[in-house]
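Asker: First the structure, then my questions, so here it is.
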Amino acid sequence: MLVSATEMLKKAKAGHYAVGQFNINNLEWTKSILLTAQELNSPVILGVSEGAGKYMGGYHAVVGMVNGLLQDLNITVPVALHLDHGSFEGCYKCIEAGFSSIMFDGSHYSIEENVAKTTELVKAAHDKGLSIEAEVGSIGGEEDGVVGMGECADPDECKAIADLGVDFLAAGIGNIHGKYPENWKGLSFETLDAVQRKTGELPLVLHGGTGIPADMIKKAITLGVAKINVNTECQLAFAAATRKYVEEGKDLQGKGFDPRKLLAPGAEAIKATVKEKMELFGSVGQA
Ligand code: 13P
């Protein structure tokens with residue numbers, strides 16, 4: 001059964017480790033992540049962006065697939081199904097469809113509008129037992145070939161949003177989605193420290209987990225990060241393994257074209273990536 005992410009992240013913050021949010025795109029992704037979490041006895045958060053939700057057919061399809069896998073694969077570790085960077089309308093759709101957690105990304109609104117919309121969604125989520133993440137300070141990344149640098153959140157704005165009763169908070173600290181550019185200056189631990197001082201026990205979320213060096217990840221966890229989002233790294237691992245299979249001509253040998261064979265190396269590569277991250281984040285054995 002899906003659970004909200006509140007308890008697992010409170011436990012993570014108190015225990016000085018982080019739970020990974022791994023974004024899913026299809027059955028192979030979901031199965032690989034769930035099996036790895038179970039094998040390593042780790043809690044896990046499945047992230048679904050609005051685009052990925054649409055790709056998979058819609059939010060009900062996602063909920064059906066995930067619940068079915070939890071049952072059929074006998075997954076007993078805590079699993080949350082979380083909307084990643086949700087719009088106001090998207091949050092309502094996922095609450096209705098049976099997600100166990102949502103993120104409202106109001107970072108592009110004025111702080112007043114972000115406060116108003118977050119307040120409403122905190123109530124809607126909590127009424128149905130879901131957890132809710134909010135964001136302050138937009139997280140950069142590649143858009144139309146231009147890589148935007150991550151903003152640093154204003155700690156007072158973080159405090160204002162934290163006080164609305166959100167369960168965990170994403171604060172921009174110079175992190176970006178996708179690969180980091182050569183001239184990236186690294187995470188702003190000064191900002192993270194200031195945000196944690198203002199928000200206390202609230203678990204903090206680090207987006208853009210792909211490509212952040214291990215020592216920075218570890219330091220961020222010591223400063224209150226309890227959830228780390230990883231997306232691109234699984235995509236790169238899947239693509240590289242699939243490319244290798246095809247380039248070696250394996251799809252042309254015997255029944256190598258069977259999707260269950262063709263997609264197997266990619267699925268294994270996702271498992272290896274998830275395992276590496278869970279070990280780095282310290283969530284192994286914490287279910
Ligand atoms: P990456 O794609 O950089 O790993 O970021 C994932 C993320 O933050 C999803 O919200």
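Asker: Return a yes/no flag: does segment 22-41 have any residue that is in a loop (DSSP other than H, G, I, E, B), in contact with a Gly (Cβ under 9 Å, 6 or more places away or on another chain), touching a residue at least 24 places away in the same chain (Cβ under 8 Å) and not polar (S, T, N, Q).
Answerer: Filtering segment 22-41 for residues in a loop (DSSP other than H, G, I, E, B) gives 24-26, 40-41.
Within this subset, residues satisfying the condition of being in contact with a Gly (Cβ under 9 Å, 6 or more places away or on another chain) are 24, 40-41.
Retained after the next criterion (residues that are touching a residue at least 24 places away in the same chain (Cβ under 8 Å)): 24, 40-41.
So of that shortlist, the ones also not polar (S, T, N, Q) come out as 24, 40.
Yes, some residue in segment 22-41 is in a loop (DSSP other than H, G, I, E, B), in contact with a Gly (Cβ under 9 Å, 6 or more places away or on another chain), touching a residue at least 24 places away in the same chain (Cβ under 8 Å) and not polar (S, T, N, Q).
Asker: Count, please, the residues in segment 195-233 that happen to be of a type in the set (A, V, I, L, M, F, W, C) and in a helix (DSSP H, G or I). Show your work before the answer.
Answerer: Step one: of segment 195-233, the residues of a type in the set (A, V, I, L, M, F, W, C) are 195, 202, 204-206, 212, 214, 216-217, 220-221, 223, 225-226, 228, 230.
Now restrict to residues that are in a helix (DSSP H, G or I): 195, 214, 216-217, 220-221.
Of the residues in that region, 6 qualify.
Asker: May I pose another question? Determine, yes or no, whether Val230 is crowded, with 18+ Cβ neighbours inside 10 Å, within 15 Å of the ligand (Cβ to nearest atom) and modelled with pLDDT of 95 or more. Spell out the reasoning first.
Answerer: Numbers: crowded, with 18+ Cβ neighbours inside 10 Å: yes; within 15 Å of the ligand (Cβ to nearest atom): yes; modelled with pLDDT of 95 or more: yes.
When the stated conditions are applied, Val230 passes them.
Asker: I'd like the full set of residues that are surrounded by 18 or more Cβ atoms within 10 Å (Cβ to Cβ) and either assigned to a helix (DSSP H, G or I) or more than 16 Å from the ligand (Cβ to nearest atom) (or both), limited to segment 12-21. Break it down stepwise before answering.
Answerer: Start the filter on segment 12-21 by keeping residues that are surrounded by 18 or more Cβ atoms within 10 Å (Cβ to Cβ), which leaves 12-13, 17-21.
Of everything in segment 12-21, those that are surrounded by 18 or more Cβ atoms within 10 Å (Cβ to Cβ) and either assigned to a helix (DSSP H, G or I) or more than 16 Å from the ligand (Cβ to nearest atom) (or both) turn out to be Ala12, Lys13, Tyr17.
Asker: Oh, and also: Out of curiosity, is Met103 in a helix (DSSP H, G or I) and at pLDDT 95 or above? Please lay out each step first, then the result.
Answerer: Details: in a helix (DSSP H, G or I): no; at pLDDT 95 or above: yes.
Taking the combined requirement at face value, the residue does not satisfy it.
Asker: Which of the residues that make up segment 185-210 are more than 19 Å from His82 (Cα to Cα) and crowded, with 17+ Cβ neighbours inside 10 Å?
Answerer: Filtering segment 185-210 for residues more than 19 Å from His82 (Cα to Cα) gives 185-201.
Correct list: Leu187, Ser188, Thr191, Leu192, Ala194, Val195, Gln196, Lys198, Thr199.
Asker: When both residues are 6+ apart or on different chains and their Cβ atoms are under 6 Å apart, which pairs have a first residue that lies in segment 259-277 and is within 29 Å of Met216 (Cβ to Cβ), and a second that is among the acidic types (Asp, Glu)?
Answerer: These pairs meet every condition: Ala267/Glu28; Thr273/Glu233.
Asker: Within segment 172-184, restricting attention to residues that are under 20 Å from the mean Cα position of the chain (by Cα) and of a type outside the set (S, T, N, Q), which residue is surrounded by the most Cβ atoms within 10 Å (Cβ to Cβ)? Steps first, please.
Answerer: Let us first name the residues in segment 172-184 that are under 20 Å from the mean Cα position of the chain (by Cα), namely 172-180.
Narrowing the set further to residues that are of a type outside the set (S, T, N, Q) leaves 172-174, 176-180.
Working: Gly172: 25, Ile173: 28, Gly174: 23, Ile176: 24, His177: 21, Gly178: 18, Lys179: 16, Tyr180: 21.
Across segment 172-184, the extreme among qualifying residues is Ile173.
Asker: Follow-up. Filter segment 1-33 down to the residues that are more than 15 Å from Gln235 (Cα to Cα) and in contact with a strand residue (DSSP E or B) (Cβ under 7 Å, 6 or more places away or on another chain) and list them by number. Don't jump to the end; show me each part of the working.
Answerer: Of all residues in segment 1-33, those more than 15 Å from Gln235 (Cα to Cα) come to 1-20.
Those that are more than 15 Å from Gln235 (Cα to Cα) and in contact with a strand residue (DSSP E or B) (Cβ under 7 Å, 6 or more places away or on another chain): Leu2, Val3, Ser4, Ala5, Thr6, Met8, Leu9, Ala12, Lys13, Ala18, Val19, Gly20.
Asker: Sticking with this one: Within segment 136-144, is even one residue over 16 Å from Gln21 (Cβ atoms), among the small types (Gly, Ala, Ser) and in contact with a Cys (Cβ under 8 Å, 6 or more places away or on another chain)?
Answerer: Checking segment 136-144: at least one residue is over 16 Å from Gln21 (Cβ atoms), among the small types (Gly, Ala, Ser) and in contact with a Cys (Cβ under 8 Å, 6 or more places away or on another chain).
Asker: If you don't mind, there's one more thing I want to ask. Those residues that are over 12 Å from Ile139 (Cβ atoms), in contact with a Cys (Cβ under 9 Å, 6 or more places away or on another chain) and not in a helix (DSSP H, G or I), I need them from segment 159-194; list them, please.
Answerer: Leu169, Ser188
Asker: Counting only residues that are without any contact (Cβ under 8 Å) to a residue 24 or more places away in the chain and either within 16 Å of the ligand (Cβ to nearest atom) or part of a loop (DSSP other than H, G, I, E, B) (or both), how many does segment 236-256 have?
Answerer: So in segment 236-256, the residues without any contact (Cβ under 8 Å) to a residue 24 or more places away in the chain come out as 243-256.
Remaining after also requiring either within 16 Å of the ligand (Cβ to nearest atom) or part of a loop (DSSP other than H, G, I, E, B) (or both): 248-249, 253-256.
Going through segment 236-256 one residue at a time, the tally reaches 6.
Asker: Right, something else. I'm trying to understand the selection: among the residues of segment 192-235, which are free of Cβ contacts under 8 Å to residues at least 40 places away in the same chain, polar (S, T, N, Q) and closer than 20 Å to Ser107 by Cα?
Answerer: Hit for segment 192-235 is Gln196, nothing else.
Asker: Would you mind stating whether Gly150 is in contact (Cβ under 8 Å) with a residue 60 or more places away in the chain, crowded, with 17+ Cβ neighbours inside 10 Å and either in a loop (DSSP other than H, G, I, E, B) or within 15 Å of the ligand (Cβ to nearest atom) (or both)? Give the derivation first.
Answerer: Values: in contact (Cβ under 8 Å) with a residue 60 or more places away in the chain: no; crowded, with 17+ Cβ neighbours inside 10 Å: yes; either in a loop (DSSP other than H, G, I, E, B) or within 15 Å of the ligand (Cβ to nearest atom) (or both): yes.
No, not satisfied.
Asker: Being in a helix (DSSP H, G or I), more than 15 Å from the ligand (Cβ to nearest atom) and over 12 Å from the mean Cα position of the chain (by Cα): is that true of Met8 here? Talk me through it step by step, then tell me what you get.
Answerer: Numbers: in a helix (DSSP H, G or I): yes; more than 15 Å from the ligand (Cβ to nearest atom): yes; over 12 Å from the mean Cα position of the chain (by Cα): yes.
Taking the combined requirement at face value, the residue satisfies it.
Asker: Sticking with this structure for a sec: Mind listing whichever residues of segment 161-188 are more than 13 Å from the ligand (Cβ to nearest atom), over 20 Å from Ala134 (Cα atoms) and in contact with a helix residue (DSSP H, G or I) (Cβ under 8 Å, 6 or more places away or on another chain)?
Answerer: Gly186
Asker: Let me ask something additional. Count, please, the residues in segment 191-220 that happen to be of a type in the set (A, V, I, L, M) and closer than 22 Å to Ile132 by Cβ.
Answerer: So the first thing to find is which residues in segment 191-220 are of a type in the set (A, V, I, L, M), and the list is 192, 194-195, 202, 204-206, 212, 214, 216-217, 220.
Retained after the next criterion (residues that are closer than 22 Å to Ile132 by Cβ): 192, 195, 202, 204-206, 220.
The total comes to 7.
The values are calculated or read from the model by the stated rules, or taken from the named source; none is laboratory data. Note that this is a predicted model, so its numbers are computed, not measured. Using ideal geometry, Cβ is built from the backbone for each residue, glycine included, and neighbour counts are taken over all protein chains shown.
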